[in-house]
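Take a look at the structure below.
None of the figures in this text is laboratory data; all of them are computed from the coordinates on show. Since the model is a prediction, treat every value here as computed from it, not as a measurement. Counting neighbours? That spans all protein chains shown, and the Cβs are built from the backbone with ideal geometry, glycine included.
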Amino acid sequence: MAVLSSEEIYRDYRNKVFSYIRSRINSYQDAEDLCEDVFVKVYQKYETYDDTKSKLSTWIFNITRNTVIDYYRTHKEELEIIDNYDYPEEPDDSLDEETLEELATALKTLSTELRDIIILHYYEGYTLKQVSEKMKMTYGITKLRHAEALRKLKKILKERI
C-alpha cells in the first residue's frame with residue numbers, strides 16, 4: 001500500500017467529500033464542519049485502512065456517508081439515503097469548486113427521487129439499468145426521470161449564469 005501524507009489525502013479528496021456532503025446538507029457551515037470531521041476521522045483511522053478490502057476513495061466515502069448519517073441522527077432530521085452504495089474509485093473532480101457548489105445547490109432543488117438518480121448515475125458511476133434496479137423502478141421510467149432531472153438541472157444552472 002502506498003502511504004499518502006495527510007496533505008495529499010486532503011488535497012485529493014477534499015472537494016469530492018465536500019461536494020457529497022453539501023449535496024445532502026443545507027447549511028454551508030455545517031457541511032464545512034462535517035467535511036473537516038471526515039478528515040479528522042480519516043487521519044485517526046488511516047492505520048486501520050486495508051487496501052486489500054477497498055480502494056482508498058471507497059473507504060473515505062464510506063466514512064463521509066456515515067458522518068452525514070450521524071449528523072442527521074444527532075439533529076433528529078430525516079434523511080433519505082440509499083444504503084449499500086458501492087462508491088466508485090474516484091468521482092470526476094475536473095470541475096472547479098464554484099461550479100461544484102452551484103451544482104450541489106441545483107441538486108437540492110430536485111425531488112429526492114430525481115436527485116438520487118443523478119447521484120447514483122453520475123457520482124456513484126452506476127448505469128441507468130443498475131440505477132433502476134437499485135431504486136426498484138422500471139428501466140423506462142428511470143430513463144424518463146433521468147432526462148427530466150437533466151432538463152431541470154440545465155434550466156436551473158442556466159438561470160444562475
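Observations
- Only Cα pairs under 8 Å and 6+ residues apart enter the sum, and on that basis the relative contact order of the range 1-79 stands at 31 percent.
- Farthest positive-ward along the range 109-161 dipole, Cα basis, beta-carbon charges - from Ile156, Val131, His146: Ile156
- Reduced Cα scattering model of the range 109-161, Debye log10 I(q)/I(0), q = 0.22 Å⁻¹: -0.74
- Cβ crowding within 10 Å, taken as a proxy for footprinting-reagent exposure, orders Lys45, Lys136 from fewest neighbours to most as Lys136, Lys45.
- Karplus-derived 3J(HN,Hα), 6.51/-1.76/1.60, for each residue of the range 107-120, Hz, glycine and proline x: 4, 5, 7, 7, 5, 4, 4, 5, 4, 5, 4, 5, 5, 4
- Taking a Cβ cut-off of under 11 Å around Glu32, the surrounding Lys, Arg, Asp and Glu residues balance to a net charge of -2, with basic ones at +1 and acidic ones at -1.
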